[in-house]
Amino acid sequence: MSEAQGLSVWDAPLTQLKGVGPKLAEKLTRLNLFTLQDILFHLPHRYQDRTRIASIANLTPGSEITTEGVIQSSRIVFGRRRSLICQINDHSGLLTLRFFHFSRTQKDTLKPGAKLRCFGEVRRGATSLEMIHPEYTFVSRENPHYEAEQSYTPIFPSTQGISQSLLRNLVQQALKLLEHHPLSNWLPMKLLPPLISRDLVTSLKWIHFPPADMLFEQLDPGKNPNRRRLAFEELIAHRLAMLERQKTYRREAAFACPKNNTALKQLTQSLSFSLTSAQQRVIHEINNDLAGTQPMQRLLQGDVGSGKTLVAATAILQCIKAGYQAALMVPTEILAEQHTQSFTQWFEPMGIKVATISGQLRMRERNQRTQDLQEGQIDLVIGTHALFQADVHFKKLALIVIDEQHRFGVDQRLALRQKGGPLGQTPHQLIMTATPIPRTLAMTLYADLDCSVIDELPPGRQAIKTVVMPESRRDALITRIREALTAGTQVYWVCTLIDESEALQCQTAEKTAEVLQSALPGSAVGLLHGRMKPDEKETIMTRYKSGDIQLLVATTVIEVGVNVPNASLMVIENAERLGLSQLHQLRGRVGRGNKSSSCVLLYQGPLTQTAKERLAIMRETNDGFKIAEKDLEIRGSGELMGVKQTGVMQFRIADLRIDAHLLDAVQATATHLQENSPDAIQPLIRRWLKQTEVYVHV
Ligand code: ADP
Ligand code: MG
């Protein structure tokens, strides 16, 4: 292997490794593995323990481990599924092995008296612990020894057609190369805070193959200094990438849209309320950005109901009055429809042309609209992801507003960004989110964006009263709802099912609507779910808004943005299965007017500890930022404010729940590198970010 022209071995293609031909190398690119360094930094996401044989009495559910015992009984049972059940015994206890697929030979050899060694995940069964489809071998006089592994077994992120043993082998080869080819270390010890001071190579070796002479429990990511060393470097790489992107943006040109106080006044005077001071402040910040020739990159955070739509309207107005076009992108058709109504109402009197482009338009209509857009006949276009399809062109797009940004993927936002002006102008971007992001996180995730916060709700809003109620009190609840409906309250009833198909969710909602309608014969019950046609959805929403429907049974399609100020009671089913941010979003559909509102969280017991904590927080506070901070605290909630859904940032090893305390040091170190070791920047970014991420902007 040569090290020509300053390129290190680590930049060489994977075909340099034994057993990797062009075909396999091509396959490996699916895992974003291109160079030798990539394989070195392809880090395991968990481990297996094949270092010892545990006695059955010491098995704990959830662990993956090797154990052995003598088969005591073996039989086929015909339950819901035909299965082969073996029970093994090692004098310390009994373990059930369960096979759903088995051959005749298997059945014949797995007979009482045979001694078995098996590896698998331990689960709690009806009568004893179980393993389902364990790997197993027979222990015989000829084969008594257990060849224990010397380290814990890494399990790497993989994809179809690439086996763990292949990845393990490649990593081993790469680690071996380290003996002769040093790896550039861009973070010398003196730059590392004491908590992190570990040698890079030591950490890498350890994280790939943790030595067996420690307890498996010590692999716990929170406590592991080797993991922390790598996570620190990864976070720095991401931070640097963002700072670099920010620099690139600063070099781009945008249409300057001067402030227009007359138009702004005209808009605000047409409203039935006056702007809150928080709205005025952020409007001012945005106005200044838009007047400049550098593309704005601004994140607008404001809790649900804080009035972000209107802020967006002022920004859009400024750009249109300056002679340009604007686009508003929303995650759902319902929201597109709702916004189109509001904006038409605000803008039509001012002679501004508003149109929608959604996935459901007929071909002819769609063609007409895209043509109008390209010719500049449409000033503001509102739409779902249909907006960034290839056939949508603008004449002079100056501003993109993205509502509910956590619902969009990175690529989608990038695609819109490239639809600027004919001279390559970059549109200004206003990214709105109701999903509150704690400050430390915002600094990491959105460091390349300027940030505005609406930290005030419009006056007259009353806190939403939240009640947690077991499913068993459903009948009492329905009685209460009957009274509320009679008193003129409008009600949402949200059906949720997690991890089930959308079809099933819709079915459940349909059934619930039927049941509720017959229990509430005097009231109009409506149904809204994702499988309905757009015009059906629209009709339902319009009827609900006008009060024609009093109780709306809906799936989580209403989660984002839906605004019916008169609705003041919400029931959320299966609340124990939802995450905090989703509960907060859903609950935010009520409490939008000046009536006092309530939210009933229906749950099915028994509750896990985490579920209990979540529901308690929902009962205690309406403050989205507090809820987000709590969310961060509850470990294992795993749904950090949309970080996961968006894939904004997928880390290999860093975990913001565990590593949040490193972020200050990450920022300081990144800045230090920028100032003192600019040569380190690109190599660090290349080492840690996927190729696609390097160029893509949030
Ligand atoms: P979100 O920030 O969740 O997107 P919206 O923009 O949908 O909130 O606003 C929620 C409701 O509050 C809307 O009915 C809107 O007309 C109303 N609203 C917005 N600003 C004000 C204000 N300053 N005073 C009173 N009501 C307001
Ligand atoms: Mg909104």
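What is the angle, in °, between the Cα long axis of helix 333-347 and the longest principal axis of the Cα atoms in the chain? Nearest 10 is fine, range 0 to 90.
On a 0 to 90 degree scale, this one is about 30.
So what's the Cα pair-distance distribution over the chain, bin width 20 Å, in %?
Each 20 Å bin holds this share of Cα pairs: 15, 40, 35, 10, 0.
Just from its helices, what would the mean residue ellipticity at 222 nm be for the chain, if runs of 4 or more DSSP H residues each count -39500 (n - 2.57) and the sum is divided by every residue, rounded to the nearest 500 deg cm²/dmol?
It comes out at -11000 deg cm²/dmol, rounded to the nearest 500.
Would you work out the relative contact order for the range 232-347, in percent, from Cα pairs under 8 angstrom that are 6 or more residues apart?
It rounds to 31 percent for the range 232-347.
Please report the base-10 log of the normalised intensity I(q)/I(0) for the range 183-225, using a Debye sum with one equal scatterer per alpha carbon and no solvent, at each q in 0.33 (1/Å).
-1.22
In the range 119-208, which GluC sites (Glu not before Pro) are in a loop and have at most 10 other Cβ atoms within 10 Å, using DSSP for the loop call? Can you show the working numbers first?
Values: sites: 121, 130, 135, 142, 147, 149, 179; in loops: 142, 147, 149, 179.
Hits after loop and neighbour filter: 142, 147, 179.
Where does each of 589-599, 78-88, 323-333 land if you order them by average Cβ count within 10 Å, highest first?
Per-residue mean Cβ counts within 10 Å order the peptides as 323-333, 589-599, 78-88.
Under a crude label model (7 Å from the Cα following the beta-carbon direction), how far is residue 195 from residue 53 in nanometres?
Label-label distance for residue 195 and residue 53, simple model: 4.3 nm.
Straight distance only, please: which lysines reach the Cα of residue 223 with their own Cα at less than 28 Å, same-chain residues fewer than 8 apart left out?
The reachable lysines, counting only those whose Cα sits under 28 Å from residue 223, are 176, 190, 205, 612, 626, 630, 644, 690.
At what distance in nm do the modelled label points of residue 148 and residue 248 sit from each other, each positioned 7 Å from its Cα along Cα→Cβ?
According to this spin-label approximation, the distance is 5.1 nm.
Within the accessible area of the chain, what % is carbon and sulfur when the probe is 1.4 Å and the other protein chains stay in place?
Ligands and nucleic acids excluded, carbon and sulfur reach 49 percent.
Quick one: 3J(HN,Hα) in Hz for the range 46-58, Karplus 6.51/-1.76/1.60 with θ = phi - 60°, rounded, Gly and Pro as x.
Karplus values, whole Hz, x for Gly and Pro: 6, 9, 10, 9, 10, 8, 7, 9, 8, 7, 4, 4, 8.
Could you list which residues have their amide H under 5 Å from that of residue 552, counting only those 5 or more apart in sequence or on another chain, with H placed in the peptide plane?
Long-range HN contacts for residue 552: 491, 492, 493, 526.
Could you compute the FRET efficiency for residue 546 and residue 259, with r as their C-beta to C-beta distance and R0 at 51 Å, rounded to 0.05?
Once rounded, the FRET efficiency stands at 0.85.
Which of rounded, prolate or oblate describes the range 209-303 when judged by the alpha-carbon gyration tensor and an a/c cut-off of 1.5?
oblate
Could you calculate the FRET efficiency of residue 348 with residue 483 from 1/(1 + (r/R0)^6), where r is the beta carbon distance between them and R0 is 41 Å, rounded to 0.05?
Between residue 348 and residue 483 the formula returns 0.50.
By DSSP, what percent of the beta bridges with both residues in the chain are antiparallel, rounded to the nearest 5? Walk me through the intermediate numbers first.
Working: 33 of 89 bridges.
Beta bridges within the chain, antiparallel portion: roughly 35 percent.
Using a Cα-Cα cut-off of under 19 Å, which aspartates and glutamates could be cross-linked to residue 419, ignoring same-chain neighbours fewer than 8 residues away?
252, 372, 375, 379, 391, 403, 411
Report the charge-dipole magnitude of the chain in Debye, nearest 20, computed about the Cα centre from +1 at each Lys and Arg Cβ and -1 at each Asp and Glu Cβ.
Its charge dipole is roughly 740 debye.
So what is the accessible area of the chain per residue, in Å², with the probe set to 1.4 Å?
Ligands and nucleic acids excluded, the result is 46 Å² per residue.
Counting only protein chains, not ligands or nucleic acids, how are 296, 350, 363 ordered by accessible area (probe 1.4 Å), most first? Spell out each step's value before the answer.
Values: 296 5, 350 25, 363 135 Å².
From most accessible down to least: 363, 350, 296.
For the chain, take the longest principal axis of its alpha carbons; what is the angle in degrees between that and the long axis of helix 164-177, to the nearest 10 within 0 to 90?
Once rounded, one gets 80 degrees.
How much accessible area does residue 73 have with a 1.4 Å probe, in Å² rounded to the nearest 10?
We get 40 Å² for residue 73.
Considering Cα pairs under 8 angstrom that are at least six residues apart, work out the relative contact order of the chain and quote it in whole percent.
With pairs under 8 Å counted, the relative contact order is 13 percent.
What net charge is computed for the residues neighbouring residue 360, neighbours being all others with C-beta under 12 Å from the C-beta of residue 360, Lys and Arg scored +1, Asp and Glu -1?
Counting the neighbours of residue 360, the net charge comes to -2.
Just list whichever of 396/533; 259/395; 511/545 have alpha carbons separated by over 25 Å in the model shown.
Exceeds cut-off: 396/533.
Helix 277-291 versus the longest principal axis of the chain: what is the Cα-based angle in degrees, 0 to 90, to the nearest 10?
Here the helix axis deviates by roughly 90 degrees.
Can you pull out the trypsin sites (Lys or Arg not before Pro) in the range 307-395 whose DSSP state is coil and whose Cβ has at most 13 other Cβ atoms within 10 Å?
Counting only loop positions with at most 13 other Cβ atoms within 10 Å, the trypsin sites (Lys or Arg not before Pro) in the range 307-395 are 362.
Show me the GluC sites (Glu not before Pro) within the range 478-568 that DSSP assigns to loop and that have at most 12 other Cβ atoms within 10 Å of their Cβ.
Working: sites: 483, 500, 502, 510, 514, 536, 538, 559; in loops: 500, 559.
Here the sparse-neighbourhood loop sites are 500.
The values are calculated or read from the model by the stated rules, or taken from the named source; none is laboratory data. Please read all numbers here as calculations on a predicted model, not as lab measurements. Please note: Cβ atoms are built from the backbone with ideal geometry, for glycine as well, and neighbour counts cover all protein chains shown. Keep in mind that these areas ignore ligands, DNA and RNA; they rest on the heavy atoms of the full protein, side chains included. Shrake-Rupley method; radii C 1.70, N 1.55, O 1.52, S 1.80 Å.
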